[in-house]
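Structure record follows, encoded as structure tokens.
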Amino acid sequence: MNMFVSAMRLNDKIFTTIVLILLSALFSSSGVFTGVDRLIYEGMQWLHYEEASDSVVRLVSLPVTIATSVLLAILPLLWLPKLTPCKSLMVNFLYLIAVIFIVYAGAVLFRLWVRPSGALLAILLAYPVWRWRRLDSAQLFLDRELQNLRDELAALGMEQEEEVGVVNEDPLQYRISRVQLTAKHLRDLHKSRSDTLTFISHDIRAPLGAAMLLLDKFENNKYTERMERMITRAHAMAEGFLQASRAEMVNVNKFQELDMVSLTQQAVDDVYEIALAKQLQLSTQLPEDPLWVRGDFGLLLRAVSNVLLNAVKYSPDQSEVKVLMTSDAQSLTLKVIDQGPGIPAKKVTKIFKRFSRADGEHQAQEGSGLGLYFVNVTLRKHRGTVVAQSEEGRGATFIITLPLERRKINNPVDNERRALIPAMFSDSI
Amino acid sequence: MKIALLEDDLAFAETVIEWLEEAHFEVDHFETGLDFLKEFPNLQYDLFIFDWALPDMEGPDVMVSVRLRSNKLPPIIFFTGRSEEDDIVRVMEAGADDYVVKPASRAMLMARVNALLRRVASQSQVEACYEYGALKLDTRSRVVTLAGEEVKLTDKEFDLALYFFKNEGVLLSRTHLMNVVWGAVSELETRKVDVHVSHLRSKLKLVPENGWKLTSIYQQGYRLERNR
């Protein structure tokens, strides 16, 4: 599509150049506008009355006049494609005045008079010709893209209802309403896709959950264990889909203030049992005071838990997982550092994509391959980031950053701390 | 103790009945909301367990109908198939005392059932001293000790701690905590509860290493429970 746009721009340039060359050559050679030339010449004589009256100014030959006019006329194409309409109009106006001065300067300094009417008229027309051409191509492009989009949607069996009543109006208005309709249609499609996903995931989860309960009734043997693993994995996948679509669709206007320190503490508490089973040491260094952010509690808790679970999952027994949180005036940083096998350099950026695992051979491992994708989506929705740093064989560090809530915080001050405040200021009073 | 179970999924209901009966509860099972509403005026229950999605009506509607016919209700636990925040908030706003997300584990369901029944039994009594492992709360001198060492708590923190321990395992909504501990609190001060809970967690070391878990339920409520 970009190539198409740039090709179109090139065509527009060539078209405008040709039009300007023809116009300037025509105007300067035909002598239609000799009146303009005379007016400017007289203006010059008036300005430089004494010099002009007692010296001879030579008229340059017709081919030179045409060549100069053409050159001066196509110069605006250097800036027209780059500037906004308003700026190009202003620059063109300044250029027009500059050209008159150049012609004057030629007459005064070199005693040569180039008839400027051809160039001036072409410069005046340069802006409208270029804009007209651009608008036409843009509309053409828009029409074509819109038609393609509608064809594609129709091919998918999702035709739009035809708009009514706007066809006969202003063509620009018509196009705008078509774009709006298509955009709305796409939003609806996105929502219905997400709704379908939620519906499917939910309906898949329910029977799997029931099957898990039924498994409890059987005596444990290697078959029930295997079945439990498979059902658990399917359940986790349905859950992963559901959560990922929830993160994608979350309404940022419903975000609430929450304390990331206690949220992280809760996530650490949640993985405690699993860490204990692997004899991992979970060391946390969290700030004592709350750090407020604006967000969705459920999503952020799950995001932090996913990063922690990931660290715990890939950690060898009896190793250490560190959880550190720091903050500055604008944002907080949460680091989760493990001593696991690490992530190969070429995979480190891919792990946040859908259906990726740190190690491709671990397909049988539980998890949906959506855990870190979910983390990434959630953090982006919260205007935060998540990155992984790792060297193979030397553990991995996951770094989450989140912007802090800017509203002034009115923490309830403890009695003990309240007592300290006057003491702190006593020196200065 | 008698429990009414309203659940249309028979396989699920069968398992839950088995768990409850093994714990010596008497269970009446209903499959539809209308069945339950027809029978319930003639019977006395200590606890309701409702499924959210029933074939003929939604769990909360059943609850509203029950409330219209009787002014004294036993605690209600909702089974919900969805674990998203919006659903949990709806459950709590509907006036449920607690919820269990399907598929529930036996331990989870029994913990919720027992916590609610215990709460009903011990509602109005305040004892002079409560002991929870290494933690000791003296309600007369308002002193808390952790492994023999005194922990300095503010008045509100002490009230909050006492309320949490008296309602161990029970889901306490934030609004409820605000009313009980602070009296009326404006909506603007919702951070107050979060900050106090967070202080309690760090001062009393309510972490899994010490056998405790203090959880925020989507910031709508809190639950202090023993780490199993």
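Read-outs throughout are calculated quantities, based only on the coordinates presented, and are distinct from any laboratory measurement. These numbers come from a predicted model, not from an experiment. Neighbour counts run over all protein chains shown; Cβ positions are idealised from the backbone, glycine included.
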Query raised in the report: Over all distinct alpha-carbon pairs, what is the Kirkwood Rh of the range A:171-248 in angstrom?
Result: 15.3
Query raised in the report: What is the fewest-to-most order of B:Asp9, A:Asp188 by other Cβ atoms lying within 10 Å of their Cβ?
Result: A:Asp188, B:Asp9
Requested in this report: Compute the signed sum of charges (Lys and Arg +1, Asp and Glu -1) over the other residues within less than 14 Å, Cβ to Cβ, of A:Ile66.
Outcome: 0
Requested in this report: For peptide B:93-105, compute the average count of partner chain beta-carbon atoms within 10 Å of each residue's beta-carbon.
Outcome: 2
Report summary line: So for the protein assembly as shown, using the alpha carbon gyration tensor with a ≥ b ≥ c as root eigenvalues (a/c under 1.5 gives rounded; past that, a/b versus b/c decides prolate or oblate), I'd call it prolate
Query raised in the report: With the Cα gyration tensor of the range A:2-152 giving a ≥ b ≥ c as the square roots of its eigenvalues, does the rule (a/c under 1.5 for rounded; else a/b larger than b/c for prolate; else oblate) give rounded, prolate or oblate?
Result: prolate
Requested in this report: Place a label point 7 angstrom from the Cα of B:Glu189 along the Cα-to-Cβ direction, then list the residues of the range B:135-166 whose backbone nitrogen is under 12 Å away.
Outcome: B:156
Report summary line: Mean 1/r over distinct Cα pairs of the range A:213-356, inverted to a Kirkwood Rh in Å, yields 17.5
**Report entry** Peptide-level mean, for A:208-215, of C-beta atoms on other protein chains within 10 Å
**Finding:** 5
**Report entry** Percent of C-alpha pairs per 10 Å bin, chain B, short to long
**Finding:** 7, 31, 33, 20, 8, 1
**Report entry** Given charges at beta-carbon only (K, R positive; D, E negative), |dipole| of the protein assembly as shown in Debye
**Finding:** 2460
**Report entry** Between the range A:205-270 and the range B:158-228, the alpha-carbon center distance in angstrom
**Finding:** 25
Query raised in the report: What relative contact order, as a whole-number percentage, does the range A:171-248 give when Cα pairs under 8 Å and 6 or more residues apart are counted?
Result: 42
Query - Fewest-first sequence of A:Arg144, B:Arg140, B:Arg223 by Cβ atoms within 10 Å of each Cβ - result: B:Arg140, A:Arg144, B:Arg223
Query raised in the report: Which residue, chosen from A:Gln243, A:Leu186, A:Met230, occupies the Cα position most advanced towards the positive end of the dipole of the range A:171-248, where the dipole is computed from +1 (Lys, Arg) and -1 (Asp, Glu) charges on Cβ about the Cα centre?
Result: A:Leu186
Report summary line: Shape call for the range A:55-124, from the Cα gyration tensor axes a ≥ b ≥ c (a/c under 1.5 means rounded, otherwise prolate when a/b beats b/c, else oblate), comes out prolate
Query raised in the report: Add -39500 (n - 2.57) for each DSSP H run of 4 or more in the protein assembly as shown, then divide by its residues: what number comes out at 222 nm, to the nearest 500 deg cm²/dmol?
Result: -17500 deg cm²/dmol
Requested in this report: May I ask you to work out the translational diffusion coefficient for the range B:1-75 at 4 °C, viscosity 1.567 mPa s, via Stokes-Einstein with Rh from the Kirkwood sum over Cα pairs, reported in whole µm²/s?
Outcome: 104
**Report entry** Average other protein chain Cβ within 10 Å of Cβ, residues A:272-278
**Finding:** 2
Report summary line: Kirkwood radius from Cα pairs of the range B:129-226 plugged into Stokes-Einstein at 10 °C, 1.306 mPa s, gives D in µm²/s equal to 117
Query raised in the report: So, in nm, how far is label A:Thr333 from label A:Leu276 when the simple model puts each one 7 Å beyond its Cα toward the Cβ?
Result: 3.3
